[in-house]
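What follows is a short report on a single structure.
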Amino acid sequence: MRKLENKVAVVTGGSSGIGRAIAMAFAREGAIVVVLDLHHASVSAVVEEIVSEGNNAWGQVCDVGHAQEVREVMTRIFAEVGEIDIMVNNAGIMDDFMPAADVDMQQWHHVLNVDLHGTFYCCHETLPGMLEREKGVILNISSVGGLQGARAGAAYTAAKHAVVGLTKNIAFMYANKGIRCNAIAPGGVKTNIGDHMHPNALGYERAVSGSATMPPLANPEEIAQAALFLVSDDASFVNGEVLVADGGWTAY
Ligand SMILES: NC(=O)c1ccc[n+]([C@@H]2O[C@H](COP(=O)([O-])OP(=O)(O)OC[C@H]3O[C@@H](n4cnc5c(N)ncnc54)[C@H](O)[C@@H]3O)[C@@H](O)[C@H]2O)c1
């Protein structure tokens, strides 16, 4: 028996990097994976890849930073795929390492909107169904930047810290209702997240001053294996936890 047989698992930002690796790994363990991301072509590509391996997937364009869009997409998922067993809030963007004084207000709101509000909107829309069935797992992708002060700029650091708080709050509030909520705090992972970055000089200099202790970057599949553990019944008593997957970086 595969670990996630017939579970409906939604993965936001599921068409690239860590999200794509999670989608592929969950599908291989029997989940019906719902891939949500910004662009139709990349969503379809991951869905096709999963299906080509003989597994199940469904895709939908969704900007998690829009509450109404998230609500509509979740309603479509309930109707066309089924009740959601596993919600992985992975969609995220970086912030050009902007220290607080230099943060552009538009960027502040954009980063908070995707990294924090998007995570909250998806939790908000999936929890009622989970509460009704007294069953469900939420996994939020935070970052070592959600635990330490200078792995990114002010907006990303604030958003990812808030994701940790949201994770623990949901975990405790619904601990008697059959729902678990955990987070992963990855260190450096080989993905596209930095592709369009224009790093702020001061912010970057301050942030990389600690990078001499950084281990080699992980492959996204290594984070996906941690995700698989946390959403599976193997982690049935793990709730409100932040699993640091950083190759030992923060152990220094
Ligand atoms: N790569 C790293 O080193 C690293 C480290 C720690 C945490 N993380 C976190 O891991 C998560 C995944 O990042 P990644 O490294 O795989 O990056 P990535 O850029 O490869 O993938 C992120 C995905 O999220 C999607 N996305 C962005 N905004 C969205 C929105 N508004 N709605 C829906 N989808 C949206 C992107 O289109 C993309 O497909 C992020 O939350 C990121 O903060 C990454």
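In terms of other Cβ atoms within 10 Å, 102, 246 run from fewest to most in the order 102, 246. The ranking of 71, 180 by Cβ neighbour count inside 10 Å, starting from the fewest, reads 71, 180. Annotation note: trypsin sites (Lys or Arg not before Pro) in the range 114-158 located in DSSP loop regions with a Cβ neighbour count of at most 16 within 10 Å are 135.
Only aspartates and glutamates eight or more places from residue 177 in sequence, or on another chain, were considered; those with a Cα closer than 13 Å are 132, 134. If you plug the beta carbon distance of residue 53 and residue 175 into 1/(1 + (r/R0)^6) with R0 = 45 Å, you get a FRET efficiency near 0.80. Diffusion coefficient of the range 20-128 by Stokes-Einstein, Kirkwood radius over Cα pairs, 10 °C, 1.306 mPa s: 106 µm²/s.
The GluC sites (Glu not before Pro) of the range 120-169 meeting both criteria, a DSSP state outside H, G, I, E and B (loop) and at most 11 other C-beta atoms within 10 angstrom of the site's C-beta, are 134. Remark: the residue 198-residue 133 segment gains 18.9 nm on full extension, using 0.36 nm per residue and subtracting the alpha carbon distance. Partner aspartates and glutamates whose Cα lies under 16 Å from the Cα of residue 135, excluding those fewer than 8 positions away in the same chain, are identified as 5, 83, 85, 125, 233, 234.
The mean sequence separation of alpha-carbon pairs under 8 Å and at least six residues apart, normalised by the residue count of the chain, gives a relative contact order of 20 percent.
Remark: the chain is approximated by an ellipsoid whose semi-axes, taken from the C-alpha gyration tensor as √(5λ), come to 28, 19, 18 Å, largest first. For residue 140, the residues whose amide H sits under 5 Å from its own are 89, 182, 183, 184, ignoring neighbours fewer than 5 places away on the same chain, with H placed 1.01 Å from N. Going through the range 176-241, which chymotrypsin sites (Phe, Trp or Tyr not before Pro) have at most 10 other Cβ atoms within 10 Å and a DSSP loop state? Passing sites in the range 176-241 are 237.
Coordinate-derived values only; no laboratory data. All figures in this text were calculated on a predicted structure; none of them were measured in a lab. Note: ideal-geometry Cβ built from the backbone for every residue, glycine included; neighbour counts use all protein chains shown.
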